[in-house]
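Trainee: There's a structure below that I have some questions on.
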Amino acid sequence: MSRDESDGPLRRPPDISQRTAVFPNGSGQHGETPTTGAGHTRDTGRTEEAIAAYRHAAEAGNPDACWRLVELFQRVGRTEEAITWLRARAEAGDVDALWKAVELLQESERTEEAITWLRARAESGDTHALGRLTVLLYQLERAEEAITWLRARAEAGDTHALAHAVDLMYETGRAREAIAWLRARAETGDVHALIWAVLLLCETGHADRAVLAYLSTAELGRPDVLAQAIGLLRRLGHTDEAERLRRCGITPGRT
């Protein structure tokens, strides 16, 4: 549904539920995470040794160590430390950590905390948090709340929020409303809104109206938009009209 700034699908973190946490033992080999019971003090010491080793490796750039550290925290009942670790990683730019942190917050019945955190991250310019929040609100059946917030962000100039708002409006059966909003934005010179309006018009079987959207904006004195209109006409098979438009251009006030 939504996307990150690379226009690819939002990525889920690796599934670490099946991973087996291992750590260096005293002989330099690797062994399973110890269980509680006899030798608990010694096992606790080895767990702390493993945590330190994984943390060091993760901070040195080893992604596998990061996930093993998170799993180990969970195994020994230290989920809060896992969340803290993941949030720090997310705020340093780790997208997978962001997804996993939200997952753990939800499992801990702290969904509103996750939403507040993601919103703050998004408003500071984190496009991954913006996308994750959009997906989360949609999953929680709070699409209207998401759309209202995203449109406000878009009106303030956030092109990523505009894209996510259009996605959600289309997903929830509000394509016509989205097109009207985008056309209004396009008439103020918002080329991103124009492109999305054209895409929606084409998607909903109104390619001719998409051409008109281009042309009405081209009348505002945007030669680049005029070129896009010509290109769309050609792709639709209207080569004569495209050539006529290329030769004659736009007469202000006429389409």
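Trainee: Quick check: anything in the range 238-245 at pLDDT 65 or above, open to solvent by less than 60 Å² (accessible area, probe 1.4 Å) and assigned to a helix (DSSP H, G or I)?
Mentor: Yes: the range 238-245 contains one or more residues that are at pLDDT 65 or above, open to solvent by less than 60 Å² (accessible area, probe 1.4 Å) and assigned to a helix (DSSP H, G or I).
Trainee: Every residue in the range 58-86 that is open to solvent by 60 Å² or more (accessible area, probe 1.4 Å) and part of a helix (DSSP H, G or I), please.
Mentor: If the condition is that a residue be open to solvent by 60 Å² or more (accessible area, probe 1.4 Å) and part of a helix (DSSP H, G or I), then E59, P63, Q74, R75, E80, E81, T84 are the ones that fit.
Trainee: On to the next question. In the range 165-180, what count of residues is obtained for those that are closer than 14 Å to L199 by Cβ, touching a helix residue (DSSP H, G or I) at 6+ places or on another chain (Cβ under 7 Å) and surrounded by 20 or more Cβ atoms within 10 Å (Cβ to Cβ)?
Mentor: Residues that pass the stated criteria total 5.
Trainee: Of the numbered conditions (1) touching a residue at least 60 places away in the same chain (Cβ under 8 Å); (2) buried (at least 21 other Cβ atoms within 10 Å of the Cβ), T127 fails exactly one; give the number of that condition.
Mentor: (2)
Trainee: Could we say that I179 is in contact with a Leu (Cβ under 6 Å, 6 or more places away or on another chain), at pLDDT 85 or above and farther than 18 Å from G131 by Cβ here?
Mentor: In short, yes.
Trainee: Tell me whether the range 212-222 contains one or more residues that are assigned to a helix (DSSP H, G or I), at pLDDT 80 or above, out of contact with any Ser or Thr (no Cβ under 7 Å at 6 or more places or on another chain) and buried (at least 23 other Cβ atoms within 10 Å of the Cβ).
Mentor: no
Trainee: In addition: Take the range 127-156 and flag every residue that is at pLDDT 95 or above, closer than 25 Å to R185 by Cα and in a loop (DSSP other than H, G, I, E, B).
Mentor: Answer for the range 127-156, where residues must be at pLDDT 95 or above, closer than 25 Å to R185 by Cα and in a loop (DSSP other than H, G, I, E, B): just R142.
The values are calculated or read from the model by the stated rules, or taken from the named source; none is laboratory data. As the structure is a prediction and not an experimental result, all values here were calculated from the model. With ideal geometry, Cβ positions are generated from the backbone for all residues, glycine too; neighbour counts draw on all protein chains shown. Quick note on the areas: whole protein, heavy atoms, side chains included, nothing else; ligands and nucleic acids left out. Shrake-Rupley method; radii C 1.70, N 1.55, O 1.52, S 1.80 Å.
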